[in-house]
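Trainee: My questions will all concern the structure given below.
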Amino acid sequence: MTPEETLAQWTQQYEAVVARLKAGVGVGLANPADFAGLTGLQQMQAMLDGKLPYPHIADTLDFSLVEIDEGRAVFQGQPQLKHYNPLGSVHGGWYATLLDSALGCAVHTVMPVGRAYTTAELGVNIVRAASFKSGPLRAIGTVLHAGRQLATAEARIVGADGKLYAHATTTCLVFETPTG
């Protein structure tokens with residue numbers, strides 16, 4: 001697929017997902033009772049389907065979950081001028097948040113009922129400057145290991161042309177939920 005075809009596909013998918021999220025429950029915080037008895041993958045799929053609210057941070061930083069599968073999560077975002085630091089470039093926190101979302105949600109998809117996780121470590125490497133002219137970028141998170149106490153994952157931010165902008169790894173602590 002050419003970069004132009006990829007960009008058109010990404011744009012169409014992003015617009016369809018955002019419309020579904022906004023037409024569904026919308027932005028907000030999920031009630032724990034709404035996802036009790038669901039696996040992590042089922043919870044993420046319910047959010048992507050608009051049945052559970054999506055997080056406020058997605059509106060704040062102009063990104064959205066666009067794909068979910070077991071051990072994999074894809075987010076798409078587009079840097080805006082409002083995401084710039086005083087030096088005139090995209091703030092590192094924008095990259096880190098997009099990567100952390102892909103990493104964490106990838107790990108979330110492998111959580112069985114009654115198990116949860118929290119990020120213990122996040123390592124981010126920015127290798128190419130993004131700008132408001134970069135167009136949409138995707139953070140693709142993949143689980144490397146999911147054990148009873150630890151999970152690890154990696155993610156990459158890429159453009160429609162396949163260029164790498166940043167990559168990251170995480171280590172997450174896995175635990176039984178209080179209601180577990």
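Here, each number is a calculation from the coordinates, and none is a lab measurement. Because the structure is predicted, anything quoted here is derived from the model rather than measured. When we count neighbours, we look across all protein chains shown, and the Cβ atoms used for this are built from the backbone with ideal geometry, even at glycine.
Trainee: Within the chain, which is the longest segment that contains none of the trypsin sites (Lys or Arg not before Pro) sitting in a DSSP loop with at most 10 other Cβ atoms within 10 Å?
Mentor: 1-132
Trainee: Points 7 angstrom from Cα along the Cβ direction at Ile57 and Asn85: gap in nanometres?
Mentor: Roughly 1.8 nm, to one decimal.
Trainee: Something else about it: Dipole magnitude of the stretch 3-176 about its Cα centre, charges +1 at Lys/Arg Cβ and -1 at Asp/Glu Cβ only, in debye to the nearest 20?
Mentor: 200
Trainee: While we're here: Would you mind calculating the relative contact order of the stretch 1-69 from Cα pairs under 8 angstrom and at least 6 residues apart, reporting the percent as a whole number?
Mentor: 37 percent.
Trainee: Roughly what angle does helix 3-23 make with the longest principal axis of the chain, taking Cα atoms, 0 to 90 degrees, to the nearest 10?
Mentor: It works out to around 50 degrees.
Trainee: Please get the size of the charge dipole for the stretch 44-126, origin at its Cα centre, with Cβ charges of +1 on Lys and Arg and -1 on Asp and Glu, quoted in debye to the nearest 20.
Mentor: 100
Trainee: Rounded to the nearest 10 degrees, what's the angle between the helix 92-108 long axis and the longest principal axis of the chain, both from Cα atoms, 0 to 90?
Mentor: Roughly 30 degrees between the two axes.
Trainee: Let me ask something else. With an 8 Å cut-off on Cα pairs and a minimum separation of 6 or more residues, tell me the relative contact order of the stretch 3-176 in percent.
Mentor: Value for the stretch 3-176: 22 percent.
Trainee: Could you give the length gained by full extension between Arg128 and Ala116, i.e. 0.36 nm per residue of separation minus their alpha carbon distance, to one decimal place?
Mentor: So the chain would gain 1.0 nm between Arg128 and Ala116.
Trainee: Can you compute the helix-only [θ] at 222 nm over the chain? Use -39500 (n - 2.57) per DSSP H run of at least 4 residues, normalise by all residues, nearest 500 deg cm²/dmol.
Mentor: -9500 deg cm²/dmol
Trainee: Taking the simple approach of a point 7 Å from Cα along Cα-to-Cβ for both Thr169 and Ala33, what is their distance in nm?
Mentor: According to this spin-label approximation, the distance is 4.3 nm.
Trainee: Among Ala102, Ala33, Ala146, which residue has its Cα positioned farthest towards the positive end of the charge dipole of the stretch 25-180, with +1 placed on the Cβ of Lys and Arg, -1 on the Cβ of Asp and Glu, and the dipole taken about the Cα centre?
Mentor: Ala102
Trainee: Moving on to the next point. Please state, to two decimals, what the Cα-based radius of gyration of the chain comes to when divided by 2.2 N^0.38 Å (N = residues).
Mentor: Ratio of Cα Rg to 2.2 N^0.38 Å: 1.01.
Trainee: Loop-only chymotrypsin sites (Phe, Trp or Tyr not before Pro) in the stretch 84-180, please: DSSP not H, G, I, E or B, and at most 16 other Cβ atoms within 10 Å.
Mentor: Phe132
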